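The values are calculated or read from the model by the stated rules, or taken from the named source; none is laboratory data. Since this is a predicted model, take the numbers as computed values, not measurements. Using ideal geometry, Cβ is built from the backbone for each residue, glycine included, and neighbour counts are taken over all protein chains shown. The protein model used for the area step is the full one, side chains on, heavy atoms only, and it has no ligands, DNA or RNA in it. Shrake-Rupley method; radii C 1.70, N 1.55, O 1.52, S 1.80 Å.
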Amino acid sequence: MRFLGNIEAKVDAKGRAFLPATFRKVLQSSGEESLVMRMDPHQKCIVLYPESVWNSEMDAMESRLGRWNRAEQQIYRQFVSMVELVTLDGNGRFLVPKRYLQKAGISQNVRFIGVRNTIEMWDIEELESQFIGAEEFSQLFEKMMSEPEPQAPEK
């Protein structure tokens with residue numbers, strides 16, 4: 001499952017937003033019914049994970065944690081405690097809790113971006129401040145894509 005697109009939308013006074021139709025189609029074709037909402041741990045945006053993607057991410061995270069390591073368990077607990085299960089209504093709307101809107105700096109105008117197998121929800125101005133200029137982007141992209149791919153360790 002892969003989400004593509006960059007779509008502007010609005011959040012209403014009650015904190016509801018319409019999930020763009022292109023993203024709803026991807027969810028429906030994949031048999032997904034629920035999303036998991038979480039603030040991004042690194043950036044000022046909300047991330048929507050299809051439930052199966054969230055579960056895979058959690059399995060991967062749990063496999064890296066020591067069950068009896070106090071610090072790792074605290075980080076995991078804090079990470080999963082800031083999650084909301086999201087279901088779309090018949091019109092494709094979902095409720096964004098006020099605390100998420102405040103943390104992401106979203107008042108009304110938002111932009112949904114498909115990023116791999118997740119959907120990011122940004123305040124439009126915040127998102128624009130994250131982008132770099134075209135020339136710098138071109139140079140960094142060329143450098144990144146021309147570096148050799150890491151080799152798998154030999155067995």
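Observations, loosely collected:
- Residues of region 95-109 that are within 21 Å of GLU32 (Cβ to Cβ) and within 15 Å of the chain's Cα centre (by Cα): VAL96, TYR100.
- Residue in region 60-69 that is within 13 Å of MET1 (Cβ to Cβ), surrounded by 14 or more Cβ atoms within 10 Å (Cβ to Cβ) and touching a residue at least 12 places away in the same chain (Cβ under 8 Å) present: no
- Cβ-Cβ under 8 Å pairs, at least 6 apart or on other chains, region 82-95 side among the hydrophobic types (A, V, I, L, M, F, W, C) and at pLDDT 90 or above, far side in a loop (DSSP other than H, G, I, E, B) and open to solvent by 60 Å² or more (accessible area, probe 1.4 Å): LEU95/LYS14
- Residue list for region 73-110, filter: under 17 Å from PRO20 (Cα atoms), open to solvent by less than 50 Å² (accessible area, probe 1.4 Å) and in contact with a Gly (Cβ under 8 Å, 6 or more places away or on another chain): VAL96
- Residue in region 80-103 that is under 14 Å from LYS44 (Cα atoms), among the β-branched types (Val, Ile, Thr) and touching a Leu at 6+ places or on another chain (Cβ under 7 Å) present: no
Rundown of residues vs (1) open to solvent by less than 60 Å² (accessible area, probe 1.4 Å); (2) in contact with a Leu (Cβ under 7 Å, 6 or more places away or on another chain); (3) without any contact (Cβ under 8 Å) to a residue 60 or more places away in the chain; (4) over 16 Å from LEU88 (Cα atoms), yes/no style:
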{"site": "PHE3", "(1), (2), (3), (4)": "yes, no, no, yes"}
{"site": "PHE18", "(1), (2), (3), (4)": "no, no, no, no"}
{"site": "PHE23", "(1), (2), (3), (4)": "yes, no, no, no"}
{"site": "GLU32", "(1), (2), (3), (4)": "yes, no, yes, no"}
{"site": "MET37", "(1), (2), (3), (4)": "yes, yes, no, no"}
{"site": "VAL47", "(1), (2), (3), (4)": "yes, no, no, no"}
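- Residues that are polar (S, T, N, Q) and open to solvent by less than 30 Å² (accessible area, probe 1.4 Å) within region 113-134 comprise just one, THR118.
- Per this entry, GLY114 is not counted among residues that are small (Gly, Ala, Ser) and on the phi > 0 side of the Ramachandran plot.
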